[in-house]
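Read the figures in this text as sums done on the coordinates, not as results from a lab. What you see is a predicted model, and the numbers here were worked out from it, not measured in a lab. Cβ coordinates were reconstructed from backbone atoms using ideal geometry, including for glycine residues, and neighbour counts include every protein chain displayed.
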Amino acid sequence: MKINNVIFKTIYFIDSVPHSLAIGVVNENLFFEIPIEKGFRINTFLDKNTYNKICKILGITFDQDNPFSSKKFFDEIHKQIPTSVSLNNVPKSSDIAPFKNDVEEADKIYFCG
């Protein structure tokens, strides 16, 4: 999915409790997960560090008349969520590894796990 010409990758993890939505930015050092509550609801609050990184990556500067909010960010993601999925479209470790930097030997090219 694209927002302001920035490519975001999202992966919905149904096999964890609670479910979670992983969000990573291609070619940037940003990855975070959001817990999914019952009824597919999320808390749109982002910690200050993540919020600031998203603003920087998207090239957003402070505008008092049109402030950026994390709710607007998640609304944009929501608009781009597919309405159907394929059972064959299961993420592999190699889909997730480029976004996670908290793994052992994160500088290695391949992740086997």
Quiz item: What percent does the relative contact order of segment 1-43 come to when contacts are Cα pairs within less than 8 Å and at least six residues apart?
Solution: 28
Quiz item: Distance in nm between label sites at Ser70 and Val85, each 7 Å beyond Cα in the beta-carbon direction?
Solution: 2.3
Self-check item: Links that overshoot a 23 Å alpha carbon limit, given the list Lys2/Lys53; Lys48/Lys92; Lys9/Lys71
Solution: Lys48/Lys92
Quiz item: Near Ser86, within a Cβ-to-Cβ distance under 15 Å, what is the net charge of the other residues, with Lys and Arg +1 and Asp and Glu -1?
Solution: 0
Quiz prompt | Amide H within-cut-off set for His19, under 5 Å, with H built and near neighbours excluded | solution = Ile36
Self-check item: Phi to ³J(HN,Hα) by Karplus 6.51 cos²θ - 1.76 cosθ + 1.60 over segment 45-56, Hz, x for Gly, Pro
Solution: 6, 10, 4, 4, 4, 5, 4, 5, 5, 4, 4, 5
Quiz item: Given the Cα-Cα distance of Arg41 and Val26 and 0.36 nm per residue of separation, how much length would full extension add, in nm?
Solution: 2.9 nm
